[in-house]
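What follows draws every value from the coordinates through simple rules; no lab data is involved. These numbers were taken from a predicted model, which means no experiment stands behind them. Virtual Cβ from ideal backbone geometry, glycine too; neighbours counted across all protein chains shown.
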Amino acid sequence: MKIVATEKAPAALGPYSQGYIHGGMFYSAGQLGADPATGNLAEGIEGQADRACQNMAAVLEAAGTSFDKVVKTTCFLADMGDFAAFNEVYAKYFTSKPARSCVAVKTLPKNALCEIEVIAAVEE
């Protein structure tokens, strides 16, 4: 197994890694819509979704893969009322339309509005 880490995405908020590569697959931790330099969350659901996708792009790149190799995503929303706005941003990044689960949760770290995690194919 290989740990994946990059300074181009926010550091882990706890005792976990940004991701792991194992058996030709990359498994990410969830990415919030926080600026990697400041840790501050972007404004609104669109801003946080966009920033979360940018952060995920950085982690995917560090793993040697990309959005077009993502096979599964799990998306967490603080409010299912943000589903349509979240999807507008998500669709710009995940153009290959990977399998997805999207659930509403009571609270996300830092009171974020969304979080995204992925599983992607990678060349080892």
Task: Per-residue ³J(HN,Hα) for the range 20-29, Karplus 6.51 cos²θ - 1.76 cosθ + 1.60, θ = phi - 60°, Hz, x for Gly and Pro - done: 9, 10, 7, x, x, 10, 10, 10, 9, 7
Open item on the list: Show me, for the range 44-53, the HN-Hα J-couplings you get by feeding each phi into the Karplus relation (A = 6.51, B = -1.76, C = 1.60, θ = phi - 60°), rounded to Hz, glycine and proline as x.
Closed with: x, 5, 5, x, 5, 5, 5, 5, 4, 5
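Tell me the trypsin sites (Lys or Arg not before Pro) within the range 1-65 that lie in a loop according to DSSP and have at most 16 other beta-carbon atoms within 10 Å.
Values: sites: LYS2, LYS8, ARG51; in loops: LYS8.
Sparse-neighbourhood loop trypsin sites (Lys or Arg not before Pro): LYS8.
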- [ ] State, to one decimal in nm, how far the label point of MET1 lies from the label point of GLU61, with both points 7 Å from Cα in the Cβ direction.
- [x] 2.6 nm
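Could you please report the charge total around VAL89, scoring K, R as +1 and D, E as -1 over all other residues with beta-carbon less than 12 angstrom from its beta-carbon? Please report the intermediate quantities before stating the final value.
On the way: positive: ARG51, LYS92; negative: GLU46, ASP50, ASP82, GLU88.
It works out to a net charge of -2.
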- [ ] Measure out, as a whole number of angstrom, how far apart the alpha-carbon centroids of the range 65-83 and the range 5-21 sit.
- [x] 17 Å
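Counting Lys +1, Arg +1, Asp -1, Glu -1, what net charge surrounds GLU46 among other residues with beta carbon under 14 Å of its beta carbon?
Working: positive: ARG51, LYS92; negative: GLU43, ASP50, ASP79, ASP82, GLU88.
In short, -3.
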TODO: Just subtract the alpha-carbon distance of LYS106 and SER17 from 0.36 nm times their residue separation and send over the number in nm, one decimal.
DONE: 29.7 nm
- [ ] Grab the alpha carbons of the range 2-121, take their convex hull, and tell me the volume per residue in Å³.
- [x] 91 Å³
Open item on the list: Can you compute the helix-only [θ] at 222 nm over the chain? Use -39500 (n - 2.57) per DSSP H run of at least 4 residues, normalise by all residues, nearest 500 deg cm²/dmol.
Closed with: -8000 deg cm²/dmol
